[in-house]
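Student: Handing you a structure now.
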Amino acid sequence: MKLFLMRHGEASFDAPTDESRELTERGLLQSDQMGTRLSVYAISLVLVSPYVRTQHTWKQVQPHLAQDVQVHILDELKPNADVTQASHIIEAYCDKYGAEDVLVISHMPILGELVCEFGPQFSPTSFVPSSVVELDSWKVGEAKLLEFYLPDK
């Protein structure tokens with residue numbers, strides 16, 4: 001049971017709203033690199049924020065994962081969503097689908113806060129674009145940090 005928390009790839013600031021920001025060319029490449037890295041895991045459930053940049057990140061990662069992966073777009077993964085609600089919803093989806101390895105694609109600051117919710121021994125973590133934290137559990141309050149993956153420059 002692993003939980004992978006991923007920040008979206010590098011995004012442009014040239015957009016009318018925060019929700020509509022798209023990935024830069026670098027962000028697309030970084031996300032594709034992380035998809036390659038994540039391809040060795042049996043990810044069966046993906047939970048994604050509805051923002052454009054997270055959707056684009058998922059489109060870059062998707063070809064590297066199994067075709068039958070369950071994907072859900074969740075408002076609870078927006079940048080300033082309630083972290084307690086988000087963590088319990090992640091856990092509920094994992095239970096519902098019997099997922100072993102799960103990928104969440106979201107934003108700062110909620111990703112840093114989620115690390116603390118799943119592993120209370122952690123302090124808030126900062127994610128650079130396309131970085132991934134691997135935790136050993138998607139059970140709230142039980143996770144241990146296994147790895148922190150950074151994209152190539």
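Student: Can you give me the number of residues within the range 9-59 that are among the acidic types (Asp, Glu), in contact with a Ser or Thr (Cβ under 8 Å, 6 or more places away or on another chain) and without any contact (Cβ under 8 Å) to a residue 60 or more places away in the chain? If you could, list the steps in order and put the result at the bottom.
Tutor: Of the range 9-59, the ones among the acidic types (Asp, Glu) are 10, 14, 18-19, 22, 25, 32.
Next cut, in contact with a Ser or Thr (Cβ under 8 Å, 6 or more places away or on another chain) only: 10, 22.
Then keep just the ones that are without any contact (Cβ under 8 Å) to a residue 60 or more places away in the chain; that gives 22.
So the answer is 1.
Student: Got at least one residue in the range 14-22 being of a type in the set (Ser, Thr, Tyr), surrounded by fewer than 19 Cβ atoms within 10 Å (Cβ to Cβ), touching a helix residue (DSSP H, G or I) at 6+ places or on another chain (Cβ under 7 Å) and more than 16 Å from Val71 (Cβ to Cβ)? I'd like the intermediate steps shown before the answer.
Tutor: Start the filter on the range 14-22 by keeping residues that are of a type in the set (Ser, Thr, Tyr), which leaves 17, 20.
So of that shortlist, the ones also surrounded by fewer than 19 Cβ atoms within 10 Å (Cβ to Cβ) come out as 17, 20.
Pick out the ones that are also touching a helix residue (DSSP H, G or I) at 6+ places or on another chain (Cβ under 7 Å) and you get 20.
Next, from what is left, pick out any that are more than 16 Å from Val71 (Cβ to Cβ): 20.
For the range 14-22, residues of a type in the set (Ser, Thr, Tyr), surrounded by fewer than 19 Cβ atoms within 10 Å (Cβ to Cβ), touching a helix residue (DSSP H, G or I) at 6+ places or on another chain (Cβ under 7 Å) and more than 16 Å from Val71 (Cβ to Cβ): present.
Student: Given the criteria touching a helix residue (DSSP H, G or I) at 6+ places or on another chain (Cβ under 8 Å) and of a type outside the set (Ser, Thr, Tyr), does Phe148 qualify?
Tutor: No: the conditions fail for Phe148.
Student: Now, a different point. Do any helices (runs of 4 or more DSSP H) entirely within the range 6-110 hold 2 or more residues that are of a type in the set (Asp, Glu) and closer than 19 Å to Ser131 by Cβ, and if so, which? Show your work before the answer.
Tutor: On the way: elements: 25-38, 52-61, 83-97.
Per the criteria, 25-38.
Student: When you scan the range 27-78, how many residues do you find that are among the charged types (D, E, K, R), buried (at least 16 other Cβ atoms within 10 Å of the Cβ) and farther than 16 Å from Phe4 by Cα?
Tutor: Of the residues in that region, 3 qualify.
Bear in mind that the values in this text are calculations on the coordinates, not laboratory data. All values derive from a computational prediction rather than experimental measurement. Neighbour counts are summed over all protein chains in view; Cβ atoms, including those assigned to glycine, are modelled from backbone coordinates with ideal geometry.
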